[in-house]
Structures are given as structure tokens and as C-alpha cells.
Amino acid sequence: MAVRSVSSLVMNNISIRTRLLTYFLSMVLLPSSIIILTLYNTSSSTINQNMKSAIERDMTMMEMNLTKNVEAIDNTTTSLYLNSDLQDILSSDKPRDDYGMINEMTRLNALLATYSTNERTGNQFQLKLYLMDRTEYSRFAFIGNVYNIESIQNEEWFHSIPFKEKYKVLGLYRSDNGDGSYSIRFVKRLYGLNDPTLAFAGLLTADVSIDDFNQTLMAMKPSANSQVYLLNENGTIMAGTEPVTVNEPFASSIHLSERALASGVAFKASVRKVDGDSMLVASRGIPELGWKIVTLSPMRDLNGPLVSFRKVMVLVLLVSLLLALLLALLLSNNITNPIRKFVKSINQAEADLYNVTMEYKRNDEFSFLFTRFNQMIVRTRELIDSLYVSEANKKKAELEALQAQINPHFLYNTLDSINWMALRNGAGDISQMVTSLSDFFRLSLNKGRSIIKLEDEINQVMAYLTIQKIKMSKKLTYSVDVPGELAPFLTVKLLLQPLVENAIIHGFDRSNGHGSVIVRGELQGDLIMLSVIDNGCGDQATASSITELLHTGGEAGSFGIRNVHARIRQWFGEEYGLRYEANEDAGLTAIVTIPAVKTMEGY
């Protein structure tokens, strides 16, 4: 519930245009993103599967080529084995003298040279013959590749040669040429086929350079940066496309677990970290030889199509986002522009109802709304005009009735008669009060004018203070300090008297001491500051309360000062008016701010 309320609050504070953009982009991008991600994942899975299948095909081809190379070597050694010249030597007794022995070795050496080239690939390999009962061969070692079998009978590999297999791959052996290179040795037992009584006649070995196998592996690499290795049944490296140390355990040389490789003949591929790089490690066994082919392919090479596809997907997504944004902006503007125009017209109506014009040329739902709004504005103007005329006539009638009731001439004549009667009877205080009351009414009425000179306003408040002084006697003291230069400036009628009256009624009536009222005026630039200062019971809280009432309205008791503040702002503007401040000792100060003007032009 809390999350929903927060979400609702956020959406409520967002403009319609932003909400439309958000909704439209969500409607476009969400399905597009789902479709693109689904296509990407499906394509990624398909590409990865095809990649593994391609590597498996390459490794199958490697197996076939390696097997054919081995078969070609076997065919060569078998052809040599079945050669009639070799069989004659294997099936006959050894020569009786040194001449015959040298001649036999020379024939055999020439025969080996004839078969030392692979008929299918053209690769060279080294053939050697080891014959039984030829101890004399050791004396003629200069002839070359023909030896007595006793020279190898103590070698470990000699005892591992099976009797019934047509050939045996012994593994890596360092070449005899002294360059430190390695060869893979093939060995075949030889029998004298022309003399069945001979159980074992000799041994034939063929040393094939690992460069021949490296070339085969290099030609079948899955990618430019792939690594291919040929392992024997013990997991030792026999050949490879990289300059690795041969005759070393493969797994430890590249820090790879044996579990990452296939067991037996089955193809196996998985992504592994090799020296910090992500590699696709694939392996496949060669059952005829007991060997294993291992490839290490960087994922960055194999994922080339996937990376290209991903770039296309990102480009499509960005283009979709751009098009969706443009369409969303176009749609939101088509909807929100009339609304913004409508809101602007409403603001104009609030500022100036008589200068509002709204035009809308489209024929849609907003057209009806704008038409009704224009009709409402016209009707409102008519009602305002009618009400203004009605109220003006009403005020005029009331003023005329009030003036008729007051009848100033009758009032002034009556007060003048009371004044002469008081003087005749020696009642000076009554005469002064009647005279002040007559001045007060004359200045208050002022022939119905609302704007008077500041001089008349000061005289009117002095008449009021004179009456209050006679009434309160010693409880009230007052002073009026307004420079004569302020006399010709204009002000609102009945500006100071309500403030003085408020100070006397609300300040002094609740105090037991003497009350004091000071009226001051001063010119500050183009402003006139009028102050009414009392020493009553008001404090800062009272000043704040009155100031708040001036701006927000309040009880009927504050009507006089609120009326003063409202009339100042009504005649001169919002920047002028009345405010209250607390005095340092006691009481309040009412400060009136009005412009220093001698004509009401512009107000």
C-alpha cells in the first residue's frame, strides 16, 4: 500500500506531457526490448551450438587426417616389410665374411632410403632396421640406419612392443640430428616370411618429425588465435600449434583441470578460463591410436558473429528508441499543446478578463472545449458589467440617501447654535467639544470625496483627539508632529482616525495609567511614512497578530484598521499599506506607507 501511494503521488506530480511520453515509450520499448532480447538469446544459443558443431567437425577432420598420416606410414613400412629383397635377407642366414656383411648392410640401407618418403604427403621420415643375429653390424656402423637388434634389447620401449599388432606408436623421441627436435616413433616387428621356422627376424622403426603433425593441426585450426594440441594416452603433449614444451603433461602446462577434457572418444566442449582468458576448450579422442586432440579457442574470436549480431541489435534498439521518442514527442505535443494553450488563456483571464482571446482551428474535441470557454468568458464579462452597473447604482442611491439624512447644512447650523449657547453660558469645554465635533464631521464628509489633502486628514484627526482629550481629561496626552511640507500631498480619507481610535480603545481602556498618543509624519524619498505611536498594553505578539489579520482577515473588531489597509492598497497599489510594530518600552506603532503624490493620475 505504501509503495502504491508513493507511486501514485509521484505520477500525480508529473505533467501530462511527461506521462504521455513515459507511457508511449514504455509501450514501444518494453515489447521491443523483450523481442530483441529473446532474438539475441535464441541467436546466441544457435550460434554457440553451430560454433561447437563446427569445431567438432574440424576435430573430426583432424582425426581423419592424423589417422590417414599414420596409415600412410604403416602402408610405407608394410610395403617395405613385404619387399622381396628384404624378405630374402630376413629369411636367409647371415653372410659368412665381412664383405658379404657390408654388402648386406649396404643393400638394406639403400632399401630404407627408397621408402623414406611418405607417398601421400611427401613428408620425409627416418627408417631404421634392427636385425637378429647380426652382431657384426656393430663393426660397420658407418653405413647408417642398419643395426644389430642387441643394441636396443635393453631399451624400455623395446620390451613394450606387442607381438601381434601390425605396428606400435611408441611416442616422442628426441631426434638423432642434434638439433633438439622431437619425432614420433612407429615400430613394426619383422618376420622372415620365406622361412616359417624363424620366430622373429628383426625390427623396423620409423621416426616422423612432429613438424608434420604440427602442419596438419595448424591447417585445421578453428580460428586464427586458436591453439591445437595432440596428446598421447598419458595426457602428454606430442604436437601442437603453439611453441609449447613437448613431452610435458598438457593439463599442468596450461593450468587446466583434467576434468575439462573428454574421457575416451566422446567430443566435449566447455568454456574455461585459461591464463585469464575465456576459452572454449574442446577435446576428442582418436581410438585407433589412443591419442587425443585438444583445441583452445578464444571466445572473442568465436563470438565474432554474435558480437556483430549484438551490435545490430543495439543499433536497432537505439533507432527504435529514437523513433519512439520522436513519435512520442509528436503525439504528446498534439495532445498537450491545446491543453497548454487553454491553461495560458485561463491565466490571462485571471489577470485581465477583458483581453482574453482563444483561437483553435482544428475540428476535434478541444474545439468544443475552446468554444464553450469563449462563450463562458463572454457571459462572465456580461455578468460582471451588469453587476458593476447594478452595484454602482446601488452605492450611488445609498450615498444620496445618507447625505439626504445627514443634511450637512442642518447639522452644521445646529452645532453652531449649540456652540453659541455654550459660550453665552460660560461653558468653554462644551464649546470646544462642539467646535471639534463640527470640524470632525465637516472633514469626514468632505463633500463625498475619498481622496483629500494630508492637511485635511491631520486636521480631522486633531479634532478627534481634542474630543477624546476633553472626554478623558488627564488620562490622555497627545502630540501631532507632521511637517508642513506634507500638507499638499494627497491621501485616503479617514486614514489616521481609525488608527488613533484603535490605540485609545484597545490600548488605554484596559490600563490604569495615563495614555499617550503620538502622530508623526515624514517624507522618505517618494514615500510618506505616517506613524501612530501609543504606550498601551500591546506587545510583539499583539503586533504579529494584527499584521496577520491585515492580510488574512479577522473578527469584526479589527474592521477599522483592516478597512484602512484595504483602502490604501485599493487606491495606491499592493506595495503600500499598513503594518504594526512593537515599541521597545511599551505599546505599538502603526506605520502607514503611501506614495508622495499631489495628483491621482495613474492611480
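The values are calculated or read from the model by the stated rules, or taken from the named source; none is laboratory data. The model shown is predicted, which means the values in this text are computed figures rather than measured ones. When we count neighbours, we look across all protein chains shown, and the Cβ atoms used for this are built from the backbone with ideal geometry, even at glycine.
For region 553-567, name all the residues that are over 13 Å from Gln497 (Cα atoms), of a type in the set (A, V, I, L, M, F, W, C) and at pLDDT 75 or above.
Ala566
Inside region 524-542, can you point out the residues that are surrounded by fewer than 21 Cβ atoms within 10 Å (Cβ to Cβ) and within 18 Å of Val461 (Cβ to Cβ)? Walk me through how you get there before you give the answer.
Initial filter on region 524-542 (surrounded by fewer than 21 Cβ atoms within 10 Å (Cβ to Cβ)): 524-527, 529, 531, 533, 537, 539-542.
Met529, Ser531, Ile533 - these are the residues of region 524-542 that are surrounded by fewer than 21 Cβ atoms within 10 Å (Cβ to Cβ) and within 18 Å of Val461 (Cβ to Cβ).
Out of the residues in region 561-603 that are of a type outside the set (D, E, K, R), touching a residue at least 40 places away in the same chain (Cβ under 8 Å) and part of a loop (DSSP other than H, G, I, E, B), state the one that is surrounded by the most Cβ atoms within 10 Å (Cβ to Cβ).
Gly587
Let's see how each residue does on (1) out of contact with any Gly (no Cβ under 6 Å at 6 or more places or on another chain); (2) farther than 13 Å from Leu204 by Cβ; (3) in the same structural domain as Tyr182 (by TED's automatic domain parsing):
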position	(1), (2), (3)
Thr60	yes, yes, yes
Thr67	yes, yes, yes
Gln87	yes, no, yes
Ile102	yes, yes, yes
Tyr115	yes, no, yes
Leu131	no, no, yes
Ile152	yes, no, yes
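Can you tell me how many residues in region 217-235 are over 52 Å from the mean Cα position of the chain (by Cα) and buried (at least 19 other Cβ atoms within 10 Å of the Cβ)? Give the steps one after another, and end with the answer.
The first filter runs over region 217-235 and keeps only residues over 52 Å from the mean Cα position of the chain (by Cα), leaving 232-234.
Now restrict to residues that are buried (at least 19 other Cβ atoms within 10 Å of the Cβ): 232.
Of the residues in that region, 1 qualify.
Applying the selection to region 460-519, what residues are in a strand (DSSP E or B) and of a type in the set (A, V, I, L, M)?
Residues of region 460-519 that are in a strand (DSSP E or B), as a first pass: 476-481, 490-492, 515-519.
Passing the criteria: Leu476, Val480, Leu490, Val492, Val517, Ile518, Val519.
Taking region 173-202, which residues are surrounded by fewer than 20 Cβ atoms within 10 Å (Cβ to Cβ) and at pLDDT 80 or above?
Answer for region 173-202, where residues must be surrounded by fewer than 20 Cβ atoms within 10 Å (Cβ to Cβ) and at pLDDT 80 or above: Arg185, Arg189, Tyr191.
If you go through region 257-280 one residue at a time, do you hit one that is within 24 Å of Val187 (Cα to Cα), at pLDDT 80 or above and outside any loop (DSSP other than H, G, I, E, B)?
no
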